[in-house]
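Trainee: Here it is: the structure, laid out below.
The values are calculated or read from the model by the stated rules, or taken from the named source; none is laboratory data. Note that this is a predicted model, so its numbers are computed, not measured. With ideal geometry, Cβ positions are generated from the backbone for all residues, glycine too; neighbour counts draw on all protein chains shown.
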Amino acid sequence: MKLTGNLLLGANEVPASAGTMKALNPATHQLIEPDFAFGGAVEVDRAAQLADAAFDHYSHTSLAERAALLERIADNLDVVAQPLAARAALETGLLEAQLLGEAAKAATQFRQFAEVVRRGRFLQVAIDPAQPERQPRPRMDHRLQSIALGPVAVFGASNFPISYSVAGGDTAAALAAGATVIVKAHNAHPGASEIQARAIRQAVQDSGLPEGVFSMVRGAGNAIGEALVDHPLIKAVTFTGSEQGGMALYRRAQQRPEPIPVFTEMASVNPTFILPQALAERGAQIGDGFVERMLVNVGQACLKPAILIAIAGPGFDPLRAAMINRVGMAPARPMLTPGIHGSYLNGLDKLKGAGATPVAEGSPATAALDGQATLLEVDGQRFLSETALAQEVFGPAALLVKVEDEAQMLAVARALRGQLSAAMHLEEEDLGLARRLLPILERRTGRIVVNAFAHPQEVSFASVHGGPFPASSDSRFTSVGMTSIERFLRPVCYQGFPDALLPEALRDSNPLGVPRSVEGR
Ligand code: NAP
């Protein structure tokens with residue numbers, strides 16, 4: 001597949017205005033052709049003007065037309081899956097087979113959202129008919145539906161270069177909601193980003209929709225992202241990445257003359273609690289499974305289980321031995337970028353500086369960006385005295401926390417910040433402790449898993465990928481799953497409207513056949 005490296009602003013191929021970059025192969029540390037264009041505030045403005053101009057048309061497309069666009073995008077992603085996975089593998093060092101799975105997942109997400117659009121439940125239609133006889137004052141007819149917020153800026157993630165990137169869940173959910181989208185491509189995979197952007201753009205063109213429905217920009221440093229967040233025509237932002245980056249953009253958006261919602265998904269250590277009977281019965285098996293999940297994507301996953309908490313007692317030594325054994329067998333694999341590799345080494349130093357002891361290491365690094373798997377250990381008391389031990393270290397490292405008793409296990413749970421997920425491994429005899437742990441975890445996490453690990457994440461109606469800060473900036477919403485569409489919607493009430501002027505979903509005859517609540521029923 002031929003890559004041009006251009007910015008894709010609607011239908012326009014736009015060359016560099018602020019320099020160029022080449023992709024880096026993290027496995028070989030070699031640069032890969034071609035040059036990719038950097039733009040700046042001018043290109044952001046052009047994309048935002050196009051997105052704004054397209055919004056009124058696109059947000060009023062019929063549900064069938066919008067669903068058809070999403071299915072076209074899915075079909076186009078299927079067509080490019082092979083070259084997309086191959087290019088993404090070159091640019092990220094991740095396994096091509098896994099990236100093929102990601103491409104399939106991305107296409108599936110678009111099809112799932114097409115179904116969500118067709119069903120129309122996301123419109124959340126509510127009707128309170130007029131009550132002209134009501135005393136002491138008549139009630140007018142009130143009808144509510146949700147509409148899209150406006151043009152959305154999507155910051156693609158680095159670590160899942162397809163399913164959380166240009167054609168990821170944020171783009172799919174925003175387009176499903178009726179929002180127009182500008183993606184800020186992540187510079188860690190510019191070629192994979194271009195392939196995805198072309199698949200989406202082609203679908204927009206083939207659907208006969210305005211070109212501004214979708215654009216992709218790219219830039220050097222923070223300037224391009226800041227220009228996007230600052231642009232007055234952008235009405236919402238989604239972001240997946242570091243806590244530092246996410247919060248910088250969040251604060252910036254709140255300081256605009258018109259503040260806008262920013263949905264950031266940031267840091268999580270996904271704590272795993274092994275309850276005593278489960279530890280005694282299957283400590284070694286759980287330890288082995290934990291490390292296997294920890295190593296997925298070279299530990300560069302938001303759902304990586306990073307902290308395991310177990311009580312000293314029967315089963316602890318086999319658990320520890322299994323973890324040491326599994327980490328010791330792990331090959332060193334390339335990390336995504338020099339920046340992420342550097343942060344990983346820094347993060348390990350911070351854990352050690354805070355009192356964690358390394359107890360196992362995988363094969364040593366043989367290339368510059370290789371991440372060496374590491375298992376560290378600390379006791380519960382130390383963990384409770386050092387907040388640095390509860391921080392996310394993005395990469396193939398995990399911390400084993402050995403607690404004295406049930407009370408200390410609960411204290412460790414209370415000391416944790418907001419999480420995307422937490423897991424409990426338990427047997428029937430552990431239910432009493434699990435009941436005491438549960439309310440502590442509910443307050444701190446978006447998803448609680450029993451006798452399994454949080455990775456991988458289902459994409460379904462009951463999915464939650466979010467949680468209290470710093471897992472996300474707004475714990476009321478999920479960034480994965482069918483309800484993630486709600487981030488891009490707001491309610492509008494139509495009061496006293498004649499039937500002919502109402503949006504279709506609100507008309508008396510319900511021509512779209514969407515589910516509606518009438519008088520709250
Ligand atoms: P990142 O450094 O936060 O960057 C994410 C994106 O935001 C990039 O496009 C980046 O642009 C842009 N950006 C960051 N800070 C910015 C700022 N102040 N102003 C404007 N734009 C800004 O994340 P990353 O590159 O993916 O690094 C990995 C980190 O993300 C890890 O430490 C991990 O903790 C976190 N992460 C979390 C999840 C999750 O789901 N919770 C998923 C993936 C990663 P540039 O590249 O041009 O700087």
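Trainee: Name the residue, out of Pro138, Pro151, that is over 17 Å from the mean Cα position of the chain (by Cα), farther than 28 Å from His231 by Cα and more than 16 Å from the ligand (Cβ to nearest atom).
Mentor: The unique qualifying residue is Pro138.
Trainee: For residues that are in a loop (DSSP other than H, G, I, E, B) and not aliphatic (A, V, I, L, M), tally how many sit in segment 457-495.
Mentor: 19
Trainee: Given the criteria over 24 Å from Arg218 (Cβ atoms) and among the polar types (S, T, N, Q), does Gln82 qualify?
Mentor: No; evaluated as a whole, the condition is false for this residue.
Trainee: Now for a different question. What are the residues in segment 400-456 that are closer than 19 Å to Gly315 by Cβ, part of a strand (DSSP E or B) and either free of Cβ contacts under 8 Å to residues at least 24 places away in the same chain or small (Gly, Ala, Ser) (or both), if any?
Mentor: Ala423
Trainee: Has segment 97-113 got any residue that is in contact with a Leu (Cβ under 6 Å, 6 or more places away or on another chain), surrounded by 24 or more Cβ atoms within 10 Å (Cβ to Cβ) and among the polar types (S, T, N, Q)?
Mentor: So far as segment 97-113 goes, no, none of its residues is in contact with a Leu (Cβ under 6 Å, 6 or more places away or on another chain), surrounded by 24 or more Cβ atoms within 10 Å (Cβ to Cβ) and among the polar types (S, T, N, Q).
Trainee: Among the candidates Pro314, Pro276, Pro257, Pro318, single out the residue that is surrounded by fewer than 17 Cβ atoms within 10 Å (Cβ to Cβ), more than 24 Å from Ile485 (Cβ to Cβ) and not assigned by TED's automatic domain parsing to the domain that holds Leu175.
Mentor: Values: Pro276 fails: surrounded by fewer than 17 Cβ atoms within 10 Å (Cβ to Cβ); Pro257 fails: not assigned by TED's automatic domain parsing to the domain that holds Leu175; Pro318 fails: surrounded by fewer than 17 Cβ atoms within 10 Å (Cβ to Cβ).
Going through Pro314, Pro276, Pro257, Pro318 in turn, just one is surrounded by fewer than 17 Cβ atoms within 10 Å (Cβ to Cβ), more than 24 Å from Ile485 (Cβ to Cβ) and not assigned by TED's automatic domain parsing to the domain that holds Leu175: Pro314.
Trainee: Let me ask something else. Give me the pairs: first residue in segment 219-233 and assigned by TED's automatic domain parsing to the domain that holds Asp52 and within 14 Å of Ile260 (Cβ to Cβ), second residue near the ligand (Cβ under 7 Å from one of its atoms) and in a helix (DSSP H, G or I), beta-carbon distance under 6 Å, and six or more apart or on different chains, which are they?
Mentor: Val229/Leu249
Trainee: Consider Ile324 carefully, then state whether it is assigned by TED's automatic domain parsing to the domain that holds Gln419 and within 17 Å of Ala422 (Cα to Cα).
Mentor: Values: assigned by TED's automatic domain parsing to the domain that holds Gln419: yes; within 17 Å of Ala422 (Cα to Cα): no.
Here the answer is no, as Ile324 does not meet what is asked.
Trainee: Right, next: For residues that are farther than 19 Å from Ala390 by Cα and touching a residue at least 60 places away in the same chain (Cβ under 8 Å), scanning just segment 247-259, find the one that is farthest from the ligand (Cβ to nearest atom).
Mentor: Within segment 247-259, the match that is farthest from the ligand (Cβ to nearest atom) is Tyr250.
Trainee: On to the next question. Could you please find all residues in segment 232-245 being more than 7 Å from the ligand (Cβ to nearest atom) and part of a loop (DSSP other than H, G, I, E, B)? I'd like the intermediate steps shown before the answer.
Mentor: In the first step, residues of segment 232-245 are kept if they are more than 7 Å from the ligand (Cβ to nearest atom); the result is 232-238.
Pro232, Leu233, Ile234, Lys235, listed by residue number.
Trainee: Could you run through segment 72-96 and say how many residues are closer than 14 Å to Ser207 by Cβ and surrounded by fewer than 18 Cβ atoms within 10 Å (Cβ to Cβ)?
Mentor: Number of matching residues: 1.
Trainee: Looking only at residues that are of a type in the set (S, T, N, Q) and more than 11 Å from the ligand (Cβ to nearest atom) in segment 168-203, which one is nearest to Ala23 (Cα to Cα)?
Mentor: Within segment 168-203, the subset of a type in the set (S, T, N, Q) is 171, 180, 187, 193, 196, 202.
Retained after the next criterion (residues that are more than 11 Å from the ligand (Cβ to nearest atom)): 171, 180, 196, 202.
On the way: Thr171: 23, Thr180: 28, Gln196: 16, Gln202: 24 Å.
By that ranking, first place goes to Gln196.
Trainee: Which one of the conditions (1) in contact with a Pro (Cβ under 6 Å, 6 or more places away or on another chain); (2) small (Gly, Ala, Ser); (3) farther than 27 Å from Leu228 by Cα does Ala89 fail to meet, given that it meets all the rest?
Mentor: Of (1) in contact with a Pro (Cβ under 6 Å, 6 or more places away or on another chain); (2) small (Gly, Ala, Ser); (3) farther than 27 Å from Leu228 by Cα, only one is false for Ala89: (1).
Trainee: Considering only segment 205-231, how many residues are within 9 Å of the ligand (Cβ to nearest atom), surrounded by 19 or more Cβ atoms within 10 Å (Cβ to Cβ) and not in a helix (DSSP H, G or I)?
Mentor: Looking only at that region, the number is 2.
Trainee: Where residues in segment 125-180 are of a type in the set (Lys, Arg) and in a loop (DSSP other than H, G, I, E, B), which of them is surrounded by the most Cβ atoms within 10 Å (Cβ to Cβ)?
Mentor: For segment 125-180, the residue satisfying everything is Arg134.
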